[in-house]
1. Quick one: which residues, 5 or more positions from Val69 or on another chain, have an amide H under 5 Å from its amide H? H modelled 1.01 Å from N in the peptide plane, none for Pro or chain starts.
2. List, in order, the whole-Hz ³J(HN,Hα) value for each residue of the stretch 41-55 obtained from phi through the Karplus relation with A = 6.51, B = -1.76, C = 1.60 and θ = phi - 60°; use x for Gly and Pro.
3. For Lys79 and Ala102 in the same chain, what is the full-extension length gain: residue separation times 0.36 nm, less their Cα-Cα distance, in nm?
4. Within the stretch 26-120, report the trypsin sites (Lys or Arg not before Pro) that DSSP leaves as loop and that have at most 16 other Cβ atoms within 10 Å.
5. Compute, for Asp112, the solvent-accessible surface of its heavy atoms (probe 1.4 Å) with the complete set of protein chains present, and express it in square angstrom to the nearest 10.
6. Please work out how much accessible surface Leu87 shows to a 1.4 Å probe, ignoring ligands, DNA and RNA, in Å² rounded to 10.
7. Figure the gain on full extension for Thr71 and Thr35 (residue separation times 0.36 nm, minus the Cα-Cα span) and round it to one decimal in nm.
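The values are calculated or read from the model by the stated rules, or taken from the named source; none is laboratory data. Source: prediction; values computed, not measured. Counting neighbours? That spans all protein chains shown, and the Cβs are built from the backbone with ideal geometry, glycine included. Quick note on the areas: whole protein, heavy atoms, side chains included, nothing else; ligands and nucleic acids left out. Shrake-Rupley method; radii C 1.70, N 1.55, O 1.52, S 1.80 Å.
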Amino acid sequence: MTTRFGRARLWMLGLAATASLAAAPALAAVPTTATLEGVLTSAGGGPAADGNYTLVLAIYAQQSGGTAVWTETAAVVAKGGQFSWQLGSKTPLSAAGLNLAAAWLGVAVGSDPELPRQAV
């Protein structure tokens, strides 16, 4: 699908907690997945059309530039623009990749350029 997206709103459930756990002394295994829920919006501001979308998700140590410390391609189904994805379901999250002073999530929808990164 070749739709241009104006923005995507993301709700990260568990990812901030996972990043915090990675920086804390290990009492148990670091989780290798985290839930990401979000809303895809069209360039006009309304919800993206229902359907299948490919997202490229990446975690960076900085807000812009640099190389991703983790990346994964997700095939999501959006309904009313809403979607959910288990980060790490294809490429497990790791303590080394999450043990960052600051973490930023980058999302690219289809062949569109990456949207502005969101702080985790």
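1. Ile59, Tyr60, Ala61
2. 10, 7, 4, x, x, x, x, 5, 4, 4, x, 9, 9, 9, 10
3. On the way: separation 23, 0.36 × 23 = 8.28 nm, distance 3.15 nm.
Extra length available between Lys79 and Ala102 comes to 5.1 nm.
4. Working: sites: Lys79, Lys90, Arg117; in loops: Lys90, Arg117.
Counting only loop positions with at most 16 other Cβ atoms within 10 Å, the trypsin sites (Lys or Arg not before Pro) in the stretch 26-120 are Lys90.
5. Only protein atoms counted, so the area is about 20 Å².
6. Looks like 0 Å² after rounding.
7. Values: separation 36, 0.36 × 36 = 12.96 nm, distance 1.49 nm.
Going from the current span to full extension adds 11.5 nm.
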